[in-house]
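This report refers to the structure that appears directly beneath it.
The values are calculated or read from the model by the stated rules, or taken from the named source; none is laboratory data. Quick caveat: nothing in here was measured; it's all calculated off a predicted structure. Heads up, the Cβs are rebuilt from the backbone with ideal geometry, glycines too, and the neighbour counts pull from every protein chain shown.
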């Protein structure tokens, strides 16, 4: 079962694919590390982002998406554009894609109960993908 972990930052969706097969985790080959919304943020731009995200998920056989939830207000509040990206992902039509938001408390408690099997540095992923990788891992473990 392939899950896509997502971290939304600014106008980017940083992604990381993680497969769990018979208790073994693997990182499927994926050249795309992030998808970006163009500068204008129009309805058409959002539809293009949504289509590109859906196409990436279909291409890699992703069945579930785990998004690290951002706070709506306070010190660590997410920006307006990232909430648009979240909505675009949640509203992908007719794909059967399960989209879950992972609150920071769930991420923390899941990692405490089920530590990452290998250090992130050994995954071969880019540093900026660490949060997306963690979201994918927690998405698998919290099911």
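Taking residue 7 as the residue in question, decide whether it is over 16 Å from residue 133 (Cα atoms) and not in a loop (DSSP other than H, G, I, E, B).
It is false that residue 7 is over 16 Å from residue 133 (Cα atoms) and not in a loop (DSSP other than H, G, I, E, B).
What about residue 51, is it in contact with a helix residue (DSSP H, G or I) (Cβ under 9 Å, 6 or more places away or on another chain), exposed (fewer than 13 other Cβ atoms within 10 Å of the Cβ) and assigned to a helix (DSSP H, G or I)? Walk me through it before giving the result.
Numbers: in contact with a helix residue (DSSP H, G or I) (Cβ under 9 Å, 6 or more places away or on another chain): no; exposed (fewer than 13 other Cβ atoms within 10 Å of the Cβ): yes; assigned to a helix (DSSP H, G or I): yes.
Judged against the criteria, residue 51 is not a match.
How many residues are outside any helix (DSSP H, G or I), in contact with a helix residue (DSSP H, G or I) (Cβ under 9 Å, 6 or more places away or on another chain) and within 18 Å of residue 29 (Cβ to Cβ) when one looks only at the stretch 111-140? Quick ask: steps written out before the conclusion?
Of all residues in the stretch 111-140, those outside any helix (DSSP H, G or I) come to 114-119, 123-126.
Okay, now just the ones that are also in contact with a helix residue (DSSP H, G or I) (Cβ under 9 Å, 6 or more places away or on another chain), so 114, 116-117, 123, 125.
Then keep just the ones that are within 18 Å of residue 29 (Cβ to Cβ); that gives 123, 125.
Qualifying residue count, the stretch 111-140: 2.
Please state which one of 41, 60 is surrounded by 13 or more Cβ atoms within 10 Å (Cβ to Cβ), over 13 Å from residue 7 (Cα atoms) and at pLDDT 95 or above.
Criteria check complete, one pass: 60.
Can you name the number of the only condition in (1) more than 19 Å from residue 126 (Cα to Cα); (2) modelled with pLDDT under 95 that residue 9 fails?
(1)
Within the stretch 77-85, is there a residue that is out of contact with any helix residue (DSSP H, G or I) (no Cβ under 6 Å at 6 or more places or on another chain), free of Cβ contacts under 8 Å to residues at least 12 places away in the same chain and closer than 25 Å to residue 125 by Cα?
Within the stretch 77-85, none of the residues are out of contact with any helix residue (DSSP H, G or I) (no Cβ under 6 Å at 6 or more places or on another chain), free of Cβ contacts under 8 Å to residues at least 12 places away in the same chain and closer than 25 Å to residue 125 by Cα.
Name every residue in the stretch 109-143 that is loosely packed, with under 11 Cβ neighbours inside 10 Å and either over 20 Å from residue 1 (Cα atoms) or under 14 Å from the mean Cα position of the chain (by Cα) (or both), in order of residue number.
Those that are loosely packed, with under 11 Cβ neighbours inside 10 Å and either over 20 Å from residue 1 (Cα atoms) or under 14 Å from the mean Cα position of the chain (by Cα) (or both): 112, 113, 119, 121, 122, 124, 127.
Among the numbered criteria (1) in contact (Cβ under 8 Å) with a residue 40 or more places away in the chain; (2) within 22 Å of residue 129 (Cβ to Cβ); (3) not in a helix (DSSP H, G or I), which one does residue 95 miss?
Only one criterion is unmet by residue 95, namely (2).
Give the stretch 63-76 a look and list any residue that's loosely packed, with under 12 Cβ neighbours inside 10 Å and either on the phi < 0 side of the Ramachandran plot or in contact with a strand residue (DSSP E or B) (Cβ under 6 Å, 6 or more places away or on another chain) (or both), or say none.
71, 72, 73, 75, 76
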